[in-house]
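Working notes, structure below.
The values are calculated or read from the model by the stated rules, or taken from the named source; none is laboratory data. Source: prediction; values computed, not measured. Cβ atoms come from the backbone with ideal geometry, glycine included; neighbour counts cover every protein chain shown. In case anyone asks, the SASA skips ligands and DNA or RNA and just uses the protein heavy atoms, side chains included. Shrake-Rupley method; radii C 1.70, N 1.55, O 1.52, S 1.80 Å.
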Amino acid sequence: MSDLINKEVGEKGCCDIIEISALNKWYGDFHALKDIDLKVKEGEIIVVCGPSGSGKSTLIRCVNFLEKFQEGSIVVDGTELTDDVKKIRQVRSEVSMVFQHFNLFPHLSIIDNLTLAPIWVHNETKQNARDKALQLLDRVGIKDQAEKYPNQLSGGQQQRVAIARALCTSPKIMLFDEPTSALDPEMISEVLDVMVELAKEGITMICVTHEMGFAKKVADRIIFMDEGQIIEENEPESFFKNPESDRLKLFLDQILSQ
Amino acid sequence: MPIYPLKETRESPQSQIKVLSWLKDNLFSSLSNAALTFIALYLIYLILPPILDWMIFDANFDLTADNDSCGREGACWAFIDSNLKMFIYGFYPQEELWRVNTMFGIIVALAVFGSLIKKSQYRAHYIIGCFLIYPVVAFILLHGGLGLEVVGTDKWGGLTLTVVVAAIGIVASFPLGILFALGRQSKMRVVRFISVVYIEFVRGVPLITILFMASVVLPLFFSAGMDFDKLLRALIGITLFQTAYIAEVIRGGLQAIPKGQYEAADAAGLSFMKKTVLVILPQALKVSIPNIVGSFIALFKDTTLVLIIGLFDMLAIVGAATSNSSWLGRDTEGYVFVAMVIWVILYSMSRYSKKLEARFSTEHK
């Protein structure tokens, strides 16, 4: 896989690949993100958690400009996100996203889902895109389903396809927006396993998730958000052992007592 | 704690006498249902025998008969036979009929060939090529030019005219409808405004008004020399009309696409055009197939309205044929025949729509 993702597993912390500063976003009158400052180093695995409505999804959706923001700046791999369509597309070509509801293209076969962006955005040849797609499908364990359509697969399989699709363009950054929240319980682990494998490859990841086991295992940093702000961030061990804010303590109590 | 063993799966119990249970389930399941069944049977008894008598048992199938020797008890099918050419070709000159036949022949050949190369990677090229080249060929064949004698559109008529008007209306309004549907969803206010005004204006006006405008009012604005063809005016009117309806149908399809599809396409870095053509439209068109075909069926029926601006489609030919003194009073035969032909065409369209839906279905195969 490492040769599929065109990046070297280097020392984490050499340079900031994402720089978010003083980010503010409103939905109408609702202040959804408040003064977010966040720097992500190349290869870093960040897990974002928090109660629903806390702005976690909104935050990562700002990173590939699926959401517009009113104040502040986001620089992704040297490109600042503005209204400029070219810059947005430049960023999107380096950043892939995995959605809560998979969002596979139902009218295309699995293999066509994977090769769409490589062929039409990255101008790869059909054959190259196809070869790579098959390799990736093999990696996520569903190579034999390549010619099927998304609706013919289980939720877990669909989400693994979605991850393979996201990887197909050799992104530098992967964004995960609650990738396991829409899955039946017995399918969560098959998706998490793929994500854990991916984390070992050294790709930069930001995951919004409630899967604390996953966070403990792979995260370099965990960020806790509430009411549109970052309340606390820490490395996994201290995050769970010594939560400082009351809100995080409450949140951890609720989520870990399940 | 008890443990329950897995149970065997059994087949569902079948009723002993299938016909009886079917009757009971479907026709006599309740008292009111039974009453409705009897009423329906009675209505069929009232209506069907006279129709069959007229069409078949009392009808005269002697194709050499003339109006007087045919008799008046039943249908006189000799009328259809002796006017068949008029029903199909209108007033197209006899010696040039091969041109119309060739035009229809080519389209059938193209369609057959197209279905033979279903798996070929060049199929899309083939289809686009057909759509670009065939109309030109068909126009030259039908209208003349390039050494062929010119046959004015006032001579076109019958089924030929019906099919030409419907086909051009369908082929031209489809892409235009897509553009207006996208325009109505556009973020650009001017584009959206123009689309909304156009669609709502046209949908608020009956087709007959548009045809009148095109044939009577429009020429008033042109100087005498600029007068252009009557059929062309009707075609433009019909296309403009149909475009608005197709646009609304496709807009319905566009609205059925979940937001996540747009987001996934955006997140992948697809441009607006690529997103629309590769991701959004294929899905929107797929869910719109039944309504699109429904709208085209309505258009096909509406083509009969060209009668009011003096074009003789197949329905109008009935009037023309029966006003001939040798076939006076045979309107019923003519209308029944035309109804059957149109029904066959429309029912085929409807079946084709079902087939298309099945072909594009990506549900559990």
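How many residues are touching a residue at least 40 places away in the same chain (Cβ under 8 Å) and out of contact with any Ser or Thr (no Cβ under 7 Å at 6 or more places or on another chain) when one looks only at the range B:330-365?
Matching residues across the range B:330-365 total 16.
Out of curiosity, is B:Val287 free of Cβ contacts under 8 Å to residues at least 24 places away in the same chain and among the β-branched types (Val, Ile, Thr)?
no
When the residues of the range A:39-52 are narrowed to those that are in contact (Cβ under 8 Å) with a residue 60 or more places away in the chain and over 15 Å from the mean Cα position of the chain (by Cα), which ends up least open to solvent (accessible area, probe 1.4 Å)?
A:Gly50
Counting only residues that are open to solvent by 20 Å² or more (accessible area, probe 1.4 Å) and either without any contact (Cβ under 8 Å) to a residue 40 or more places away in the chain or facing another protein chain (nearest Cβ under 9 Å) (or both), how many does the range A:69-87 have?
So the answer is 9.
Say we look at the range B:1-26 and pick out the residues that are modelled with pLDDT of 85 or more and not basic (Lys, Arg); which of these is least open to solvent (accessible area, probe 1.4 Å)?
Out of the qualifying residues, it is B:Pro5.
Output the number of the condition that B:Asp229 fails; it satisfies all remaining conditions of (1) surrounded by 19 or more Cβ atoms within 10 Å (Cβ to Cβ); (2) more than 30 Å from A:Leu167 (Cβ to Cβ); (3) among the acidic types (Asp, Glu).
(1)
Within the range A:187-207, is even one residue within 15 Å of the chain's Cα centre (by Cα), surrounded by 18 or more Cβ atoms within 10 Å (Cβ to Cβ) and within 14 Å of chain B (Cβ to nearest Cβ)?
Within the range A:187-207 (the criterion being within 15 Å of the chain's Cα centre (by Cα), surrounded by 18 or more Cβ atoms within 10 Å (Cβ to Cβ) and within 14 Å of chain B (Cβ to nearest Cβ)), the answer is yes, since at least one residue qualifies.
Condition check: surrounded by fewer than 19 Cβ atoms within 10 Å (Cβ to Cβ), farther than 20 Å from B:Gly294 by Cα and touching a Gly at 6+ places or on another chain (Cβ under 9 Å). Does B:Met188 satisfy that?
For B:Met188, the condition - surrounded by fewer than 19 Cβ atoms within 10 Å (Cβ to Cβ), farther than 20 Å from B:Gly294 by Cα and touching a Gly at 6+ places or on another chain (Cβ under 9 Å) - is not met.
Of the conditions (1) within 13 Å of another protein chain (Cβ to nearest Cβ); (2) under 21 Å from the mean Cα position of the chain (by Cα); (3) in contact (Cβ under 8 Å) with a residue 12 or more places away in the chain, A:Leu108 satisfies every one except a single condition; which number is it?
A:Leu108 satisfies every listed condition except (2).
Give the residues of the range B:341-362 that are modelled with pLDDT of 85 or more, more than 25 Å from B:Asp154 (Cα to Cα) and surrounded by 12 or more Cβ atoms within 10 Å (Cβ to Cβ), sorted by residue number.
B:Leu346, B:Met349, B:Ser350, B:Tyr352, B:Ser353, B:Lys354, B:Leu356, B:Glu357
Contact list please: Cβ distance under 6 Å, first residue in the range B:233-257 and in the same structural domain as B:Leu182 (by TED's automatic domain parsing), second residue among the charged types (D, E, K, R) and buried (at least 20 other Cβ atoms within 10 Å of the Cβ), pairs at least six apart or on different chains.
That search, which allows pairs on different chains as well, returns B:Arg251/B:Arg184.
Just to check your reading of the model, which residue among B:Ala234, B:Ala172 is open to solvent by less than 50 Å² (accessible area, probe 1.4 Å) and either modelled with pLDDT of 90 or more or more than 20 Å from B:Val306 (Cβ to Cβ) (or both)?
B:Ala172
Looking at the range B:40-68, which of the residues that are within 18 Å of B:Asp81 (Cβ to Cβ) and part of a helix (DSSP H, G or I) is nearest to the chain's Cα centre (by Cα)?
Here the residue is B:Met55.
For the subset of the range A:123-182 comprising residues that are within 13 Å of another protein chain (Cβ to nearest Cβ), among the hydrophobic types (A, V, I, L, M, F, W, C) and open to solvent by 10 Å² or more (accessible area, probe 1.4 Å), which member is farthest from A:Glu67 (Cα to Cα)?
A:Leu153
Return yes or no: is A:Ile36 among the β-branched types (Val, Ile, Thr), buried (at least 19 other Cβ atoms within 10 Å of the Cβ) and away from chain B (no Cβ under 12 Å)?
Yes, satisfied.
Where residues in the range A:94-105 are open to solvent by 30 Å² or more (accessible area, probe 1.4 Å) and either touching a Lys or Arg at 6+ places or on another chain (Cβ under 8 Å) or within 8 Å of chain B (Cβ to nearest Cβ) (or both), which of them is nearest to A:Val191 (Cα to Cα)?
Result: A:His101.
Could you say which residue among B:Ala264, B:Ala256 is at pLDDT 90 or above and either touching a strand residue (DSSP E or B) at 6+ places or on another chain (Cβ under 9 Å) or open to solvent by less than 30 Å² (accessible area, probe 1.4 Å) (or both)?
B:Ala264
Can you tell me which residues in the range B:239-260 are under 17 Å from B:Val196 (Cβ atoms) and not aromatic (Phe, Trp, Tyr)?
Answer for the range B:239-260, where residues must be under 17 Å from B:Val196 (Cβ atoms) and not aromatic (Phe, Trp, Tyr): B:Leu240, B:Thr243, B:Ala244, B:Ile246, B:Ala247, B:Glu248, B:Val249, B:Ile250, B:Arg251, B:Gly252, B:Leu254, B:Gln255.
Would you be able to say whether some residue in the range B:73-84 is surrounded by fewer than 14 Cβ atoms within 10 Å (Cβ to Cβ) and at pLDDT below 80?
yes
If I ask for residues that are of a type in the set (S, T, N, Q) and touching a helix residue (DSSP H, G or I) at 6+ places or on another chain (Cβ under 7 Å), which ones from the range A:84-141 would you list?
A:Ser96, A:Asn103, A:Asn113, A:Thr115
Within the bounds of the range B:295-311, is there any residue that is among the acidic types (Asp, Glu) and surrounded by fewer than 21 Cβ atoms within 10 Å (Cβ to Cβ)?
Yes, the range B:295-311 contains a residue that is among the acidic types (Asp, Glu) and surrounded by fewer than 21 Cβ atoms within 10 Å (Cβ to Cβ).
Report the residue count in the range B:266-309 for those that are of a type outside the set (Phe, Trp, Tyr) and closer than 25 Å to B:Leu235 by Cβ.
Of the residues in the range B:266-309, 20 are of a type outside the set (Phe, Trp, Tyr) and closer than 25 Å to B:Leu235 by Cβ.
Say we look at the range B:263-280 and pick out the residues that are in contact (Cβ under 8 Å) with a residue 12 or more places away in the chain and within 19 Å of A:Phe176 (Cβ to Cβ); which of these is farthest from the other protein chains (Cβ to nearest Cβ)?
B:Ala265
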